[in-house]
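Below: one structure, written as structure tokens.
The values are calculated or read from the model by the stated rules, or taken from the named source; none is laboratory data. Note that the coordinates shown come from a computational prediction; the quantities given were computed from them, not determined experimentally. Backbone-built Cβ (ideal geometry, glycine too); neighbour counts: all protein chains shown. With ligands, DNA and RNA removed, areas are computed over all heavy atoms of the protein, side chains included. Shrake-Rupley method; radii C 1.70, N 1.55, O 1.52, S 1.80 Å.
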Amino acid sequence: MLQGALAGLAAGGLYAVLAVCLTLMSRLVRVVNFAQSATGMFGCYVAVFLSVDLGLPMWLATIAGILLGGLLSALLGWIVSTWLAEADTGTRSAVTVAVLLLLISLSFILFGNKPQPFHPILDGPALTVGGVVISQVTVVTVALAVLVAVASRIVLSRTPAGVQLRALSERPTTAELLGIPAKRLSIAVWAVTGVVSTLVISIVAPSQSNDATSLAMLVVPASAAALLGGFRRLDLAVAGGLGLGLIQGAAAQVDGLSVVRYFLPFAVIVALLLWSQRKEVWDAAR
């Protein structure tokens, strides 16, 4: 079970990175980006196509795919910032659901509905702890999750761009009146989170179920992790992602729970939503 739990840390690191991206999107541009992992999936699929079918070197195809993921996310951000600047969070988020479905359908048309032959960027064990082997993918994804969260906190608290982003998220109209370039900053947030999402998916995809639907729906466990922090706290988003990966990995080693682990993110989302509404429910009951 310990081996399974530590193996689940690779997926947990992936969830944590995506959860940090979702949290940043919610805090800074008022969007729950349900297409967060779909843009990464599509960029990774294009990278496989460039490498396998067109013969590009793997490193060059991977970079091209990561940049494409960021470009798709930036394009979506431009659309939302241009035509839905004054819309509420629910409306802006609904657009990303449409993009999620569009990218899944487009990947089926262009690449088929079968898993793609991803070439592993990282392979082999990194270290052994108490007889349990920890892979390079696990170490890199966990480190990347922590790094992205810490870097985001530093940027938001100690740089002029970070201060402008915080002002934009809390008082968007006032920030624009003060001359803060709201549209450019918003698109930059979309682009950066798109690049980070595509990068981490390209690292983990060779060792996970990598059909288009599975990769695009990684947004579900990532949302569960982000919800632990209320889409506000980066530290809880990281903890939630890592914890969810550990639990899923451990459950995979138990015969009676191996199927339940697929439903765990949905159960966590429901439980956290109910818990977040406890005050209103209890007040109404009283």
Selection count, segment 154-183, where residues are surrounded by 18 or more Cβ atoms within 10 Å (Cβ to Cβ), among the aliphatic types (A, V, I, L, M) and under 25 Å from the mean Cα position of the chain (by Cα): 4
Out of all the residues in segment 235-257, is one or more assigned to a loop (DSSP other than H, G, I, E, B), open to solvent by less than 70 Å² (accessible area, probe 1.4 Å) and within 25 Å of Val137 (Cα to Cα)? yes
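Consider Val196 carefully, then state whether it is touching a Cys at 6+ places or on another chain (Cβ under 9 Å), open to solvent by 10 Å² or more (accessible area, probe 1.4 Å) and either polar (S, T, N, Q) or closer than 28 Å to Gly4 by Cα (or both).
It is true that Val196 is touching a Cys at 6+ places or on another chain (Cβ under 9 Å), open to solvent by 10 Å² or more (accessible area, probe 1.4 Å) and either polar (S, T, N, Q) or closer than 28 Å to Gly4 by Cα (or both).
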Is it fair to say Leu127 is under 26 Å from Ile201 (Cβ atoms), among the hydrophobic types (A, V, I, L, M, F, W, C) and open to solvent by 70 Å² or more (accessible area, probe 1.4 Å)? yes
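Could you check segment 1-36 and list, in sequence order, the residues that are among the aromatic types (Phe, Trp, Tyr) and either modelled with pLDDT under 95 or crowded, with 24+ Cβ neighbours inside 10 Å (or both)?
Matches in segment 1-36: Tyr15 only.
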Which numbered condition trips up Ala212, out of (1) crowded, with 19+ Cβ neighbours inside 10 Å; (2) under 22 Å from Ala267 (Cβ atoms); (3) not basic (Lys, Arg)? (2)
Scan segment 157-180 and report the pairs whose first residue is of a type in the set (D, E, K, R) and whose second residue is surrounded by 11 or more Cβ atoms within 10 Å (Cβ to Cβ) and assigned to a helix (DSSP H, G or I), with Cβ atoms within less than 7 Å and a gap of 6+ or a chain change. Arg166/Leu156; Glu176/Ala182
Condition check: closer than 19 Å to Asn210 by Cα and not polar (S, T, N, Q). Does Gly77 satisfy that? no
Considering each of Ala145, Ala151 in turn, give the residue that is open to solvent by less than 60 Å² (accessible area, probe 1.4 Å), under 18 Å from Ala222 (Cα atoms) and modelled with pLDDT of 90 or more. Ala145
When (1) touching a residue at least 12 places away in the same chain (Cβ under 8 Å); (2) more than 24 Å from Ala222 (Cα to Cα); (3) open to solvent by 10 Å² or more (accessible area, probe 1.4 Å) are applied to Ile79, the one that fails is (2)
